[in-house]
Amino acid sequence: MRRSRLLDGPVPVLVLVVAAVVAGGLHGGFTDLYVYQHAGRRVLEGLPALGSSDPVTGLSFTYPPFAAFVMVPLALMPAWLAAALWTGASVGALAAVVVLVRRALDRPAPGWLVALLTGGALAMEPVWQNLVFGQVNAFVMVAVLVDLLLPGRRWSGVLLGLAAGVKLTPLVLVALLVLVGRRATAGRAILAFAGTVAVGFVAAPGWATRYWTDGLVDAGRIGPPALAHNQSVHGALTRLLEGRPPTLLWLALAVPLCVAILLVARAWWRRGDHVLGTCLAAVAMLVASPISWSHHWVWAVPIALALWERSRWAAAAWTAVFVTRPVLWPPWGRSLEYGWSPFEHLVGNAYLLAALALSVWATVALVSRAGLSARPRDIAPAP
């Protein structure tokens, strides 16, 4: 009995988190985490982080000014300690995602199962990429899910707004809230996001003005958009056209796709499936963003959990795509993507195509359910 309680409680998850802390501290050298620390140091020095390259990696901080202020605590730590705590917290956030989704689906979430699913999720390329880069995506995801899957809280929406203040793209989830009638939550999210923008202008007006007016939608600002890791419509077009697509062409494809997926998300939400509705809205976000690096696709985890409740085969196929990472099977890097064959374009855009397939499946399932509900039942045959 005591052993059962131990396994059902938080101990297995804590063991996993502690293991992640140790692994993070020993491994260290996380590229994006170095950049975050550099941004925090620039803030402490009263200097703008935008346009300043981290001396270790040579990479620049590309997030809004508010995000740099969030990174200040990291600047106060040695690199090994920041890596240890960041990795442990990221795994803890992933476990929280598992708990949130399982409970929203009315499924049990004992500690041993949460630890098992969280550990298993580490095999998915977006998840371990998020960890080895020291990325912020797991924290953004859990913040969004808390606000969308735990309704009725007084401050619901604030976490979503703060997450958008760090990464911008979660603003797409605000559109879902408006579409499903949760306008008060959406309003709080917008106000929180506006607050993050205001913080930037008050604390660093020159830097904030430069960020919000200079190349905000320029995909090249945060990396080569043709890189195979960029699994968005813009990335696929860049590889297909062997150069950056015209903005109007990109918008003509990305915006209707985003809106269509959001409408499907709204339909599932209104049917009571808030998990699938939220996940589909996240897919719309990833499809529409000019840059959706593979580590942004950590949303593959809650999607897999949601699919498991509806189709074991669909969940297995979805998971296999993100474990085997076919996006990196063709030659990539140094503009090699421009020489892809038709088949290489197919496998090299696997995450994007999987997302579109998921959206089609969700649409067909909606239509099928509507047909079943409209079909006459228990009608006696005519004499």
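Values quoted throughout were computed directly from the atomic coordinates according to the rules given, and no laboratory measurement underlies them. What you see is a predicted model; the values in this text were computed from it and never measured. Counting neighbours? That spans all protein chains shown, and the Cβs are built from the backbone with ideal geometry, glycine included.
Summary of computed values
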{"read-out": "Condition broken by GLU125, with the remaining ones in (1) of a type in the set (Asp, Glu); (2) over 30 Å from PRO326 (Cβ atoms); (3) touching a residue at least 60 places away in the same chain (Cβ under 8 Å) satisfied", "value": "(2)"}
{"read-out": "Residues that are assigned to a helix (DSSP H, G or I) and aromatic (Phe, Trp, Tyr), drawn from the range 284-315", "value": "TRP297, TRP299, TRP308, TRP313"}
{"read-out": "Single unsatisfied condition, ASP106 versus (1) within 24 Å of ALA143 (Cβ to Cβ); (2) of a type in the set (Asp, Glu); (3) surrounded by 20 or more Cβ atoms within 10 Å (Cβ to Cβ)", "value": "(3)"}
{"read-out": "GLY111 vs. criteria of a type outside the set (S, T, N, Q), buried (at least 23 other Cβ atoms within 10 Å of the Cβ), in contact with a helix residue (DSSP H, G or I) (Cβ under 6 Å, 6 or more places away or on another chain) and touching a residue at least 12 places away in the same chain (Cβ under 8 Å)", "value": "no"}
